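Novice: Quick one: the structure is below, and I'll ask about it shortly.
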Amino acid sequence: MANAYSGLALACVLWLISLSPPLPEPAAASDSSGPILRHDLFVQIDPERHALVATDRFTIDPGQARAIQLSLAPTLQLDRLVLFPSQTSRDDAGRDLSFDVDHQSAAAQHITIPVSLLGKGPATMTAYYHGTINDPPKEPRHLRFVTPSETAGHIGPEGIYLSSETQWYLDVPESLSAYRLRVALPSGWTAVTQAKVRSSDSCPAGLCTSRDLTLTEWDPSQPTEALTLVANRFVAKTRDWSSKEGQRVQLGTYLFPEDAQLADEYLDATARYLETYIALLGPYPFDTFAVVENFFASGLGMPSFTLLGSGVIKRHYVQPYALGHEIVHSWIGNAVFNRMEQGNWVEGLTTYLANYYWHEWSGDQDQARDQRRLMLRGYNLHVPPERDYPLRQFTQKHDERDNAIGYQKAAMVFHLLRRELGDEPFWRSLKQLVAQYRGRRADWQDLERVFGDTSGKNLRWFFAQWIEQRGAPDVDVKDVSARRSIAGSFSLRGHVVQTGPPFQSPLPFRIRMSGGGEQIFPTRLLDSESPFTISLPLRPLSIEVDPDATVLRRIPRQHLPPVLNHYVTDRHRSVVAALEEPVDAGHPFGELATRIEAQESQKPVSERTAMIPFVHGMLLPPEGSVLVLTTPASREALQPVLETHCGSRVQLREGGVTIEGTTYDGPAIATLVSCHRRDHPGSVVTWLYATSPQAANAVARLLFFYGWNSFVVFQHGKPIVRGEWEPSQARMEVVIDESVSDR
């Protein structure tokens with residue numbers, strides 16, 4: 001039955017191909033080790049049965065290889081593989097190839113074809129296959145509380161998601177292929193993929209197994225690394241838009257009916273981001289861009305669309321780090337590709353341009369500074385020196401350490417590169433990179449060459465230091481003193497000492513002076529020890545290293561603001577349930593405690609979080625960070641412990657909390673407060689205090705989303721105030737030498 005259907009489908013597919021223009025030329029062979037040049041795919045999908053039936057006519061160039069190894073999902077059955085003697089003649093009879101599945105894993109089956117069967121030059125083959133794709137999205141296994149769901153691909157009544165990980169079409173790793181796609185779906189379903197829709201109508205008799213199917217055809221895609229197809233019962237809305245440069249782009253949203261009213265908000269935000277990044281990066285690489293709602297948690301950027309989980313769509317996910325980040329991927333990652341075996345530079349540059357630079361470009365300097373601080377703190381908390389690795393080794397994100405290196409550290413490195421080159425050469429180099437490598441792969445070495453050639457600077461030292469060497473400058477300012485001159489001015493002196501390998505880097509100081517004056521002074525790290533002398537008009541009071549977080553450097557944990565992520569990243573962690581009743585499944589804190597225990601069960605016993613029962617007059621564990629879960633019933637017993645570490649900043653009240661003199665009362669109030677442990681530098685005590693079971697329920701599930709605040713006050717589960725406490729070590733007091741110099 002499958003073979004008879006496939007033969008009929010092939011005839012219709014070849015007829016459609018004959019009416020279509022040629023596919024785009026693939027990237028030059030030197031840019032790709034993969035030999036599949038183009039695909040013509042027809043796919044019929046049955047969501048209720050998790051099934052698909054497909055015909056794929058593809059062109060393959062074996063090059064110098066002796067054999068071609070094709071991969072396909074293990075749940076799909078390859079029925080026939082037909083070799084055509086000519087690429088151009090559509091009437092030539094094909095020759096069935098015999099094949100065997102020589103290897104199968106949980107991810108894919110592999111079919112090897114000897115090149116001797118293909119003849120010389122590119123060959124055209126047609127594959128007929130069918131089967132099921134049924135991997136329902138699952139909660140992630142790693143230690144994160146807000147994260148995308150995990151699936152290799154899924155076809156079901158709730159939605160369709162087919163990506164490169166699905167292996168839903170025959171492929172060879174590292175191919176840069178052009179795609180023509182036709183998809184037949186039940187009426188009421190809409191599919192989205194990486195090109196502009198050419199037509200959508202009832203599926204012709206003889207092509208589809210039912211007349212109740214809709215056939216959608218897309219324009220041929222540009223050569224790309226992989227093809228993603230998603231489908232659901234969407235409400236679609238499109239808008240024709242033109243940039244200031246005159247480029248025309250079709251914007252779209254594909255949202256679930258209950259969220260369709262958000263379409264204009266997403267279309268407006270898309271237009272704003274495109275306008276900005278076209279000016280920075282050059283013409284937008286595609287004809288369309290769509291925001292597509294997903295049936296599971298996700299935030300993915302594909303060529304010409306982004307796939308966002310329903311939960312974030314409802315939360316108006318239009319921020320620069322969200323929608324803006326995925327739009328920047330249109331240039332960086334989806335038009336210029338990684339050469340992954342040489343490292344992933346794409347995520348760091350995208351993070352710099354979207355998560356950070358949008359704020360600087362829009363004039364919000366406070367938010368820009370906060371983003372730099374967040375990147376710096378993420379690197380320091382999630383990447384202890386013994387777990388660091390060179391940026392060149394980053395390929396993809398598996399955990400928060402990878403995120404801190406490949407996204408946050410890399411973004412700071414691009415900021416340092418911009419400072420090294422200057423604004424005009426940096427932005428000119430970036431445009432040159434996109435223009436030169438569009439449709440091709442690039443690696444760190446290519447970036448070094450483009451930025452160096454365009455700026456006229458030798459950047460070998462920069463890339464050797466920041467990309468190929470692990471770590472960051474670990475600096476300490478010592479022997480700081482000031483002496484008054486006869487004329488009444490002051491001379492400030494000291495030494496900057498680097499621990500470990502010396503880095504070259506700018507290192508600004510902020511000096512506060514008597515009378516309320518302050519000034520930023522640029523210095524530069526060159527050696528293991530760098531002396532400095534600064535002339536000042538007024539008496540210096542304190543000196544602060546890099547106050548605006550413009551430099552990538554190591555910062556001791558105790559010198560960072562105390563936040564919940566101190567607890568998350570501590571080697572030794574404890575949870576104290578300071579409650580009158582046991583934390584069982586029905587307790588407001590029960591889900592949180594169960595989740596922590598479940599995640600900890602995957603670790604060696606020596607690394608697991610200790611669950612400690614509450615004892616009145618308790619002492620904290622001798623080391624590590626502590627999370628205390630508590631309610632008004634235990635507040636009086638806990639207040640002395642709280643004051644030991646937080647001082648007078650926080651007071652727990654029967655009906656609320658007082659933070660730095662401001663009181664927040666009511667049964668809907670909960671608070672999350674972190675303070676440095678005074679008896680164990682680098683660790684924190686974090687308090688989760690709720691005035692009622694309802695308040696506890698409202699915050700417990702998303703608690704770790706607020707990992708970068710020293711304190712958060714919630715009302716009905718929503719933050720109403722949050723902030724950070726600056727550690728006392730941030731500034732160094734200046735010692736005044738009362739003797740007068742002769743200058």
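The values are calculated or read from the model by the stated rules, or taken from the named source; none is laboratory data. Worth saying up front: this structure is predicted, and the values here are computed from it rather than measured. For neighbour counting, all protein chains shown are included, and Cβ atoms are generated from backbone atoms with ideal geometry for every residue, glycine included. The accessibility values were calculated without ligands, DNA or RNA, using every heavy atom of the protein model including side chains. Shrake-Rupley method; radii C 1.70, N 1.55, O 1.52, S 1.80 Å.
Novice: Could you pull out the chymotrypsin sites (Phe, Trp or Tyr not before Pro) across region 499-586 that fall in loop regions by DSSP (anything but H, G, I, E, B) with no more than 13 other Cβ atoms inside 10 Å?
Specialist: none
Novice: Let me ask something additional. Each label point is 7 Å from the Cα along the Cα-to-Cβ direction; what then is the distance between the points at Q64 and L374, in nm?
Specialist: Placing both labels 7 Å beyond Cα along the Cβ direction yields 4.8 nm.
Novice: At what distance in angstrom do the alpha carbon centres of region 482-547 and region 422-439 lie from each other?
Specialist: Here the answer is 35 Å between Cα centres.
Novice: Also, I was wondering about something else. In debye, nearest 20: dipole of region 361-497 around its Cα centre with unit charges on the Cβ of K, R (+) and D, E (-)?
Specialist: 260
Novice: Here is a follow-up. Taking R0 as 60 Å, what's the FRET efficiency between T662 and S481 from their Cβ-Cβ distance, rounded to 0.05?
Specialist: The formula returns an efficiency of 0.90 here.
Novice: Pick out, from I68, C646, A127, the residue whose Cα sits farthest towards the positive end of the charge dipole of the chain, with +1 on the Cβ of Lys and Arg and -1 on the Cβ of Asp and Glu.
Specialist: Farthest towards the positive end: C646.
Novice: Please name whichever of L81, I543, Q365 sits farthest to the positive end of the charge dipole of the chain, dipole taken about the Cα centre and charges placed at Cβ: Lys and Arg +1, Asp and Glu -1.
Specialist: So the residue furthest toward the plus end is I543.
Novice: Between 0 and 90 degrees, rounded to the nearest ten: what's the tilt of helix 2-18 against the longest Cα principal axis of the chain?
Specialist: Between helix and principal axis, roughly 90 degrees.
Novice: So what's region 513-574 giving for Cα Rg divided by 2.2 N^0.38 Å, two decimals?
Specialist: Cα Rg divided by the expected 2.2 N^0.38 Å: 1.57.
Novice: Same structure again: Just to check I understand the Karplus step: with θ = phi - 60° and J = 6.51 cos²θ - 1.76 cosθ + 1.60, what whole-Hz values come out for region 439-455, glycine and proline as x?
Specialist: So the J values, rounded to whole Hz, are x, 10, 8, 9, 10, 4, 5, 5, 4, 4, 5, 5, 5, x, 5, 5, 8.
Novice: What is the set of long-range amide H partners of F714 at a cut-off below 5 Å, with H atoms built 1.01 Å from backbone N?
Specialist: Sorted by chain and number, the residues that satisfy this are A670, T671, L672, I720.
Novice: Here is a further query. For volume of the Cα convex hull per residue in Å³, which listed value, (i) 149; (ii) 190; (iii) 223, comes from the coordinates shown?
Specialist: Computed from these coordinates, volume of the Cα convex hull per residue in Å³ corresponds to label (ii).
Novice: I've got another one for you. Roughly what would the spin-label model give for D548 and D423, points 7 Å off Cα along C-beta, in nm?
Specialist: 1.2
Novice: Suppose R0 equals 51 Å. What FRET efficiency, 1/(1 + (r/R0)^6) with r the Cβ-Cβ distance, do A205 and Q396 give to the nearest 0.05?
Specialist: 0.65
Novice: For the chain, what is the charge dipole size about the Cα centre, in debye to the nearest 20, if Lys and Arg each add +1 at the Cβ and Asp and Glu each add -1 at the Cβ?
Specialist: The calculation lands at about 1140 debye.
Novice: Compute the length gained on full extension between R315 and Q367: take 0.36 nm times their separation in residues and subtract their Cα-Cα distance, giving the result in nm to one decimal.
Specialist: Here the answer is 16.7 nm.
Novice: Rank these residues by their accessible area, most exposed first, probe 1.4 Å: D546, D370.
Specialist: D370, D546
Novice: Using a Förster radius of 51 Å, what is the FRET efficiency between E733 and E158 based on their Cβ-Cβ separation? Nearest 0.05, please.
Specialist: 0.25
Novice: From the residues P588, V563, G717, which one has its Cα farthest along the dipole of the chain in the positive direction, the dipole being from +1 and -1 charges on Cβ of Lys/Arg and Asp/Glu about the Cα centre?
Specialist: V563
Novice: Let me ask you something else. Length gain on complete extension for the stretch R653 to W241, per 0.36 nm per residue less the alpha carbon to alpha carbon distance?
Specialist: Difference between extended and current length: 142.8 nm.
Novice: Now for a different question. Using packing as a proxy for protection, rank 685-697, 338-350 so that the peptide with the highest average count of other Cβ atoms within 10 Å comes first.
Specialist: Peptide ranking by packing, descending: 685-697, 338-350.
Novice: Ranked from highest to lowest mean number of other Cβ atoms within 10 Å per residue, what is the order of the peptides 309-319, 102-112?
Specialist: 309-319, 102-112
Novice: Here's another thing I want to ask about it. With 25 Å as the limit, write out which pairs from K244/K457; K244/K314; K138/K196; K138/K718; K431/K457 have Cα-Cα distances beyond it, or answer none.
Specialist: With Cα atoms farther than 25 Å apart: K244/K457; K244/K314; K138/K196; K138/K718.
Novice: Per residue of the chain, what 222 nm ellipticity follows from adding -39500 (n - 2.57) for every DSSP H run with n ≥ 4, rounded to the nearest 500?
Specialist: Helix-only estimate at 222 nm: -6500 deg cm²/dmol.
Novice: Could you let me know the centre-to-centre spacing of region 154-214 and region 51-73, using Cα atoms, in angstrom?
Specialist: 18
Novice: Find the percent of Cα-Cα distances in region 383-512 that exceed 23 Å, and round it to a whole number.
Specialist: That fraction is 48 percent.
Novice: If you stretched the chain out fully between Q436 and A279, how much longer would it get, using 0.36 nm times the residue separation minus the C-alpha to C-alpha distance?
Specialist: This chain segment gains 54.8 nm when fully extended.
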